[in-house]
Amino acid sequence: MHDDVCKIRILIADDHPVVRDGLAGVIEEQDDMIVVGQASSGTEALCLYREHRPDVTLMDLRMPGMNGVETISAIRTQSPAARAIILSTYDADEDIYRGLQAGAKAYLLKDVGRHVLVDTIRAVHAGQTPVSSEVGAKLASRIIYEQLSDRELEVLRFMVRGMSNQEIARALFIAESTVKFHVGHVLSKLNAGDRTQAVITALKRGLASLD
């Protein structure tokens, strides 16, 4: 049995108590790990990180207030060496890209096996950046697409909501001809033949949601 000071100190951030309890249970079964805090929101996670300075943070992607990506960015602004693992129910390539771009060292789905979870924690603590073949494939598929501009993303998200060019123009206070221009760029960059295909691609990639 390791002394507590020798254990990997872990912070868990997830807005679902059952998930936090389950993760804590798995971690506490390991001789070389200890949970130093549990947060139910990004804001709370940031506060607990400052207080405990954990070795590894398990971060849910979507939480109320600050989401996982924003929280990791905020933590790493203060502590560039901070190590985080995103643990999410979502596997859209845009979510994975944004998480790793923010500084996460690994990205796992919540249905991952406990052995994969604890092995990934140990690897990240050791300074490694373990990327599964599935995550690698998602990132590769994202690179194929040309990056959308902020305005194009706005237009795309209105398209997902079923809005016409005229409705999008009114919402953005721009000319309908400008909307048509942006829609054309969106279709081209997503390699989509029409609006429906663009919407399907956007939802699959995590560029937009139906919320």
Could you give every pair whose Cβ atoms fall below 7 Å, whose first residue belongs to segment 54-72 and is within 16 Å of L100 (Cβ to Cβ), and whose second residue is of a type in the set (S, T, Y) and part of a helix (DSSP H, G or I), counting only separations of at least 6 or pairs across chains? T57/Y49; M59/T71
Residues satisfying the stated conditions in segment 161-196, i.e. open to solvent by less than 50 Å² (accessible area, probe 1.4 Å) and among the basic types (K, R): K189
Does any residue in segment 104-131 that is closer than 17 Å to A81 by Cα and open to solvent by 50 Å² or more (accessible area, probe 1.4 Å) come within less than 8 Å, Cβ to Cβ, of a residue that is part of a loop (DSSP other than H, G, I, E, B) and among the polar types (S, T, N, Q) six or more places away or on a different chain, and which pairs are these? K105/Q128; K105/T129
May I ask you to list the residues in segment 44-69 that are in contact with a Lys or Arg (Cβ under 6 Å, 6 or more places away or on another chain) and either of a type in the set (A, V, I, L, M) or part of a strand (DSSP E or B) (or both)? V56, V69
Before we move on, is M59 surrounded by 18 or more Cβ atoms within 10 Å (Cβ to Cβ), out of contact with any strand residue (DSSP E or B) (no Cβ under 7 Å at 6 or more places or on another chain) and not β-branched (V, I, T)? no
Restricted to segment 1-12, and to residues that are touching a residue at least 24 places away in the same chain (Cβ under 8 Å) and open to solvent by 30 Å² or more (accessible area, probe 1.4 Å), which residue is nearest to the chain's Cα centre (by Cα)? R9
Tell me whether segment 191-208 contains one or more residues that are assigned to a loop (DSSP other than H, G, I, E, B), closer than 15 Å to S149 by Cβ, out of contact with any Phe, Trp or Tyr (no Cβ under 6 Å at 6 or more places or on another chain) and without any contact (Cβ under 8 Å) to a residue 12 or more places away in the chain. no
Which of the residues spanning segment 90-120 are part of a loop (DSSP other than H, G, I, E, B) and out of contact with any strand residue (DSSP E or B) (no Cβ under 7 Å at 6 or more places or on another chain)? Y90, A92, D111, V112, G113
For D15, state whether it is part of a loop (DSSP other than H, G, I, E, B) and in contact (Cβ under 8 Å) with a residue 24 or more places away in the chain. yes
Go through segment 23-40 and give me each residue that's open to solvent by less than 40 Å² (accessible area, probe 1.4 Å) and free of Cβ contacts under 8 Å to residues at least 24 places away in the same chain. A24, G25
Return the residues of segment 62-74 that are under 22 Å from V19 (Cα atoms) and either crowded, with 21+ Cβ neighbours inside 10 Å or among the aliphatic types (A, V, I, L, M) (or both); say none if nothing qualifies. M63, M66, G68, V69, T71, I72
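The values are calculated or read from the model by the stated rules, or taken from the named source; none is laboratory data. Quick caveat: nothing in here was measured; it's all calculated off a predicted structure. Neighbour counts run over all protein chains shown; Cβ positions are idealised from the backbone, glycine included. SASA here: full protein model, heavy atoms, side chains in, ligands and nucleic acids out. Shrake-Rupley method; radii C 1.70, N 1.55, O 1.52, S 1.80 Å.
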